[in-house]
Amino acid sequence: MTRRGRPAWPPHSGEPLRPAPMTRRSHSVAGESPCSRLGGPNRSRRLLAVLAPRPSRWVEFAPGGGDGARGDAMAAGVEERSGDAPAIQTVQRAATILQAFSAERPRLTLAELTADLAISRATAHRYARALRAANLLRFDTATATYTLGPQILAMEAAARAALPIVTAAEPYLDRLTRLTNQTSVLSVWNGESPIVVRCMDNTSGDVRLSVRTGLPLDLARSAQGRVFCAFLPPAEAPVVARQLRLSARLRAVAEQVRRDGFAVNSPEDFGVRALAAPVFERTQVVAALGVLGTDAVLSGAAEAAAADTLRQVARELSEGLGADVG
């Protein structure tokens with residue numbers, strides 16, 4: 001007779017009984033078998049749930065994607081599984097949290113992150129903790145707000161160094177520094193303001209001026225900001241369009257920049273004078289090339305000579321990028 005499709009016990013084959021082979025048991029808790037709590041009618045289903053392999057949590061943040069994702073995973077000794085959707089969703093949610101921060105919103109509460117993600121507060125808190133552990137977020141206990149972490153700055157520096165315009169502009173920055181005997185600066189548009197991506201200091205003068213790379217510049221007051229106000233299409237830069245709409249003075253300054261081909265900062269900050277000229281790639285402004293000096297040096301005839309040199313070097317760089325500046 002059989003019971004539920006299993007052979008009756010003991011067997012009737014006449015063979016002597018032998019002890020079952022020893023198997024290695026996996027314990028979820030020290031001293032406790034995972035099967036010890038699996039009684040009841042759903043014993044088999046619960047047993048499978050305990051023994052089923054679970055993907056490692058760190059795989060959720062593993063780099064790679066596209067056609068190279070499988071090679072990256074296998075190179076790391078991780079077997080790919082068919083259920084990649086949760087990992088992809090994790091990366092997307094983490095990216096959404098980081099993208100919620102901006103120059104206008106540098107500090108966010110957990111409630112604001114929860115609203116941006118449209119998920120529960122507990123889930124948002126779990127993601128924020130993971131990002132803090134990776135130094136991608138910081139938490140200020142005094143204000144109970146999150147800010148971008150120091151690892152973001154390192155990643156930003158690596159991204160800036162990889163910009164093609166930085167590599168292309170390097171020899172022009174060097175020549176501009178030598179010709180003007182002043183510090184030269186390259187800035188690009190980051191979607192909200194100009195940001196310094198390269199600074200080549202003048203080391204031959206008595207006073208050495210430098211600008212920190214990664215520094216955002218004022219849109220209306222800096223020479224670089226005025227260049228972008230003058231040459232960025234308003235439809236592609238809502239921040240610029242809004243500033244120009246609200247300020248008649250800034251509209252007049254932008255028109256002056258288009259006529260002169262360069263901009264001057266106003267007012268001079270801490271006795272520093274800055275000039276900037278646009279750099280074009282084909283028909284689109286992609287950067288602002290600047291000269292930095294003291295207001296005592298960059299004034300009068302010296303300022304005019306530096307402006308002429310700046311426009312010439314910016315024109316040559318634009319031609320090297322395929323722009324028709326004839």
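Condition check ((1) closer than 17 Å to Gln182 by Cβ; (2) of a type in the set (A, V, I, L, M, F, W, C); (3) surrounded by 16 or more Cβ atoms within 10 Å (Cβ to Cβ)) across all residues:
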site	(1), (2), (3)
Ala287	no, yes, yes
Val291	yes, yes, yes
Ser299	yes, no, no
Ala307	yes, yes, yes
Arg311	yes, no, yes
Ser318	no, no, yes
Leu321	no, yes, yes
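If you scan the range 170-182, which residues turn out to be in contact with a helix residue (DSSP H, G or I) (Cβ under 7 Å, 6 or more places away or on another chain) and outside any helix (DSSP H, G or I)? Listed by number, the list holds a single entry, Gln182.
Of the listed requirements (1) in contact with a Ser or Thr (Cβ under 8 Å, 6 or more places away or on another chain); (2) under 18 Å from Val291 (Cβ atoms), Leu186 misses just one: (1). Without any contact (Cβ under 8 Å) to a residue 60 or more places away in the chain, assigned to a helix (DSSP H, G or I) and farther than 18 Å from Leu186 by Cβ: is that true of Arg315 in this structure? No, not satisfied. Among the residues making up the range 94-118, those that are out of contact with any His (no Cβ under 7 Å at 6 or more places or on another chain), modelled with pLDDT of 85 or more and part of a helix (DSSP H, G or I) are Ala94, Ala95, Thr96, Ile97, Leu98, Gln99, Ala111, Glu112, Leu113, Thr114, Ala115.
Considering the conditions (1) part of a helix (DSSP H, G or I); (2) of a type in the set (Val, Ile, Thr); (3) farther than 29 Å from Pro278 by Cα, Ile165 is excluded by exactly one of them, (3).
Does Val297 satisfy the condition of being modelled with pLDDT under 90 and outside the structural domain of Asp174 (by TED's automatic domain parsing)? For Val297, the condition - modelled with pLDDT under 90 and outside the structural domain of Asp174 (by TED's automatic domain parsing) - is not met.
Contact map, the range 92-106: first residue outside the structural domain of Leu217 (by TED's automatic domain parsing), second residue surrounded by 10 or more Cβ atoms within 10 Å (Cβ to Cβ) and part of a loop (DSSP other than H, G, I, E, B), Cβ cut-off under 6 Å, separation 6 or more or different chains; pairs are Ala103/Glu192. Taken together, the residues in the range 183-194 that are part of a loop (DSSP other than H, G, I, E, B) and of a type outside the set (Ser, Thr, Tyr) amount to 3. Taking the criterion of being surrounded by 18 or more Cβ atoms within 10 Å (Cβ to Cβ), at pLDDT 95 or above, on the phi < 0 side of the Ramachandran plot and not in a loop (DSSP other than H, G, I, E, B), would at least one residue in the range 195-205 satisfy it? No, the range 195-205 contains no residue that is surrounded by 18 or more Cβ atoms within 10 Å (Cβ to Cβ), at pLDDT 95 or above, on the phi < 0 side of the Ramachandran plot and not in a loop (DSSP other than H, G, I, E, B).
Pairs linking a residue in the range 146-159 that is closer than 13 Å to Phe101 by Cα to a residue that is among the small types (Gly, Ala, Ser), with Cβ atoms under 7 Å and 6 or more positions apart or on different chains, are Tyr146/Ala128.
Looking across Val211, Val239, Val253, Val272, one residue alone is among the β-branched types (Val, Ile, Thr), touching a helix residue (DSSP H, G or I) at 6+ places or on another chain (Cβ under 6 Å) and assigned by TED's automatic domain parsing to the domain that holds Val313. It is Val253.
The combined condition, being free of Cβ contacts under 8 Å to residues at least 60 places away in the same chain, within 18 Å of Arg208 (Cα to Cα) and in a strand (DSSP E or B), is not fulfilled by Leu292. Cβ-Cβ distance below 6 Å, separation of 6 or more or different chains: which pairs start in the range 210-238 with a residue that is in a helix (DSSP H, G or I) and end on one that is hydroxyl-bearing (Ser, Thr, Tyr)? Qualifying pairs under 6 Å: Gln224/Ser187.
The values are calculated or read from the model by the stated rules, or taken from the named source; none is laboratory data. Keep in mind the model is a prediction, meaning the values are calculated, not measured. Here the Cβ is made from the backbone with ideal geometry for all residues, glycine too, and neighbour counts use every protein chain on show.
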